[in-house]
Amino acid sequence: MSAGKLTGADVAEHNSKDSCWVIVHGKAYDVTEFLPEHPGGQKIILKYAGKDATEEFEPIHPPDTLDKFLDKSKHLGAVDMGTVEQEEKAFDPEEADRQERISRMPSLAACYNLMDFEAVARQVMKKTAWAYYSSGADDEIPSTKSGSGRGFSVDVEHIDMSTTMLGTKCSIPFYVTATALGKLGHPEGEVVLTKAAHRHNVVQMIPTLASCSFDEIVDAKQGDQVQWLQLYVNKDREITRKIVEHAEKRGCKGLFITVDAPQLGRREKDMRSKFSDPGSNVQAGGDNIDRTQGAARAISSFIDPALSWKDIPWFKSITRMPIVLKGVQCVEDVLRAVEAGCDGVVLSNHGGRQLETARSGIEVLAEVMPALRERGWEKRIEVFVDGGVRRATDILKALCLGATGIGIGRPFLYAMSAYGIDGVDRAMQLLKDEMEMNMRLIGAASVADLNPSLLDTRGLLGGHSVVPSDTLGLGAYDPLEAPRFNEKPKL
């Protein structure tokens, strides 16, 4: 045993509600008093009482969680990990099948669009991670996307995709929007997205519910790389103040306050993936609540449902960062945001993960921009859109309608989960290549050339339009295929 270190036997003695120690990252912590306060309930901690809980802790909690929320007197010191008894894991046929699929993954070069990454990720991610990333509200009814470009002949030899968002010059009008729990898909988590965003001069929005700590993500940026902060507002406003002030001190250039999640929606795929594990009581509120609520509810019990317009002046008093309301769903709220002095809004249905059948951001955008132009307010606020973007044509439609920029989240998670930073790098480059081609085809040499005249919005403005299946076409033509996995080796 190393001098001064605890042994595995020392920790193992404390394995009950009365005295509960756990090991995380080679250090022991006394979490006895914290048990009743844990948002995910006591059972998940007690499952690892007296043991090494790192594997369970790592994907869901930023590494500085215990430093922030557990009194220093409960930090018991380093543990000689050579003395910690390691439980032999039972054979898991599902995991064995997953590892076998990983061995046959398509090459990165086989991915030609963002949907390809999703198809691969579905096969190689852990079931619980896939369920959390891919789940939507209730029946997971997809949002409607409408619009089509029409080209005309102009000089499009040189295409300029650059733009400015909240005062930042960007190489292309999309940003990495905030998505939670990056380490579910990749051991480095959100830092992978930071590095890829730097390669392409793309803004990254740092999520409140990241697996990495805020400072880890900021420390990973390079040079004058720009980051924004996405904020779920805590019921304790002093905690919120400290988060905002720290973000501004560390150089964040925008504060995106999520306003569409007074509670997180029912994500049944996520919920089902937790049902069979008696130790995974991750529902906020303790041990007497149905434990089928999934990862989403486990990480969100602190969110304040009382957040309202009256809080905007307070936010303006504590920061000089531009303030953007994320999750706006109607014209009236955009107009009120202008009147309240907000710098921007994100039109979003939270990736289809909150209120089912809520309209997509681009549908709301088609109503918002005419209302702003009618009042001469289109320059007073920047309007962003996120959700459902899979092609550069999706980006172009939003820009033509008047959006400043477009947020993309899950496609980059899938690319990261399957291929790491090289996957995200390729996903971003594919979007850039598509963007250049499509701007050239519609006759737009720069972002400034994009305007509503390039769109046919009759179906969009008329409400949800149903596009009939082209059964003749399906019968006559080969459908597009996702990347193919390599053949299983013959015995």
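Assorted remarks:
- The phi torsions of segment 167-175, fed into the Karplus equation with coefficients 6.51, -1.76 and 1.60 and a -60° offset, translate into couplings of x, 9, 6, 10, 6, 7, x, 10, 9 Hz, rounded to whole numbers, with Gly and Pro shown as x.
- Taking amide H positions as modeled 1.01 Å from N, with prolines and chain starts lacking one, the residues under 5 Å from S211 and 5 or more places away or on another chain are L181, G182, K183, E190.
- Backbone geometry of segment 437-449 corresponds, through the Karplus equation with coefficients 6.51, -1.76 and 1.60 at θ = phi - 60°, to 3J(HN,Hα) couplings of 4, 6, 4, 5, 5, 9, x, 10, 7, 8, 4, 5, 7 Hz, x marking Gly and Pro.
- Amide H contacts of L231 (H built 1.01 Å from N, under 5 Å, at least 5 apart or other chain): F256, I257, T258
- Sparsely packed GluC sites (Glu not before Pro) within segment 1-83, loop by DSSP, other Cβ within 10 Å at most 16: E13, E33
- For G407, residues with placed amide H under 5 Å, excluding near neighbours: Y175, V385, D386, G387
- For segment 95-105, the Karplus equation 6.51 cos²θ - 1.76 cosθ + 1.60, evaluated at θ = phi - 60°, returns couplings of 5, 4, 5, 5, 4, 5, 5, 4, 5, 10, 4 Hz by residue, with Gly and Pro reported as x.
- Taking all protein chains as they are arranged and a probe of 1.4 Å, the heavy atoms of S417 leave approximately 20 Å² accessible to solvent.
- For segment 311-347, the list of trypsin sites (Lys or Arg not before Pro) that fall in a loop by DSSP and count at most 13 other C-beta atoms within 10 angstrom reads R320.
The values are calculated or read from the model by the stated rules, or taken from the named source; none is laboratory data. Computed from a prediction, not measured in an experiment: that's the story for all the values here. Cβ: placed from backbone, ideal geometry, glycine included. Neighbour counts: every protein chain shown. Areas reflect the complete protein model, heavy atoms only, side chains present, ligands, DNA and RNA absent. Shrake-Rupley method; radii C 1.70, N 1.55, O 1.52, S 1.80 Å.
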